[in-house]
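Heads up, the thing below is written out as structure tokens.
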Amino acid sequence: QVQLVESGGGWVQAGGSLRLSCAASGSIVRISTMGWYRQAPGKERELVATLTTGGTTNYAASVKGRFTISRDNAKNTVYLQMNSLKPEATAVYYCYARHYVTPYWGQGTQVTVSS
């Protein structure tokens, strides 16, 4: 079992920045990939960014160059630095962890970007 707790969401004006954090606990040794997904009202959940234990990153095209995912293994925490935020980034952001083949999700944190 893996528990994920997100923090760092909030409200920001367009062009601003936010940093999301996700702390993992439980059976974390077998986590291979961590990352972030988001879900806007009326839309499906979509990938934002992922990071493997080997350091491979994957970003959605819409956030490349503006968002950065990183991981602090000592703290079992993954971060998402979001810069130059746009109103279309408004969504609930979910932390994700892959444990063997099982996906785990955090409870979500709201990010609101006003124009």
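The values are calculated or read from the model by the stated rules, or taken from the named source; none is laboratory data. Everything quoted here is computed from the prediction, not taken from an experiment. With ideal geometry, Cβ positions are generated from the backbone for all residues, glycine too; neighbour counts draw on all protein chains shown. The area values use the complete protein model at the heavy-atom level, side chains included, leaving out ligands, DNA and RNA. Shrake-Rupley method; radii C 1.70, N 1.55, O 1.52, S 1.80 Å.
Of the residues that make up the stretch 48-57, is at least one under 23 Å from GLN13 (Cβ atoms) and without any contact (Cβ under 8 Å) to a residue 40 or more places away in the chain? So far as the stretch 48-57 goes, yes, one or more of its residues are under 23 Å from GLN13 (Cβ atoms) and without any contact (Cβ under 8 Å) to a residue 40 or more places away in the chain. May I ask you to list the residues in the stretch 1-40 that are part of a loop (DSSP other than H, G, I, E, B) and either in contact (Cβ under 8 Å) with a residue 24 or more places away in the chain or closer than 19 Å to ARG66 by Cα (or both)? Result: GLN1, GLY8, GLY9, ALA14, GLY15, GLY16, SER17, SER27, ILE28, ARG30, ALA40.
Taking only the stretch 48-80 into account, find how many residues are closer than 23 Å to GLN3 by Cβ and either part of a strand (DSSP E or B) or not charged (D, E, K, R) (or both). Outline the logic, then answer.
Start the filter on the stretch 48-80 by keeping residues that are closer than 23 Å to GLN3 by Cβ, which leaves 48-53, 69-80.
Next, from what is left, pick out any that are either part of a strand (DSSP E or B) or not charged (D, E, K, R) (or both): 48-53, 69-74, 76-80.
The qualifying residues number 17.
Within the stretch 54-64, the set of residues being open to solvent by less than 70 Å² (accessible area, probe 1.4 Å), modelled with pLDDT of 95 or more and not hydroxyl-bearing (Ser, Thr, Tyr) comprises ALA60, VAL63.
Could you identify the single residue in GLU44, GLU88 that is closer than 12 Å to VAL111 by Cα, of a type in the set (D, E, K, R) and over 13 Å from the mean Cα position of the chain (by Cα)?
Values: GLU44 fails: closer than 12 Å to VAL111 by Cα.
It is GLU88.
May I ask you to verify whether TYR104 is within 18 Å of SER7 (Cβ to Cβ), more than 10 Å from the chain's Cα centre (by Cα) and assigned to a strand (DSSP E or B)? Spelling it out, TYR104 is indeed within 18 Å of SER7 (Cβ to Cβ), more than 10 Å from the chain's Cα centre (by Cα) and assigned to a strand (DSSP E or B). Do we find that LEU51 is under 15 Å from ALA91 (Cβ atoms), out of contact with any helix residue (DSSP H, G or I) (no Cβ under 6 Å at 6 or more places or on another chain) and either open to solvent by less than 90 Å² (accessible area, probe 1.4 Å) or not acidic (Asp, Glu) (or both) in this structure? No; evaluated as a whole, the condition is false for this residue.
Of everything in the stretch 65-100 that is without any contact (Cβ under 8 Å) to a residue 24 or more places away in the chain and touching a strand residue (DSSP E or B) at 6+ places or on another chain (Cβ under 9 Å), the residue that is surrounded by the most Cβ atoms within 10 Å (Cβ to Cβ) is PHE67.
Filter the stretch 13-31 down to residues that are open to solvent by less than 40 Å² (accessible area, probe 1.4 Å) and more than 14 Å from the chain's Cα centre (by Cα), then give me how many there are. Number satisfying all stated conditions: 2.
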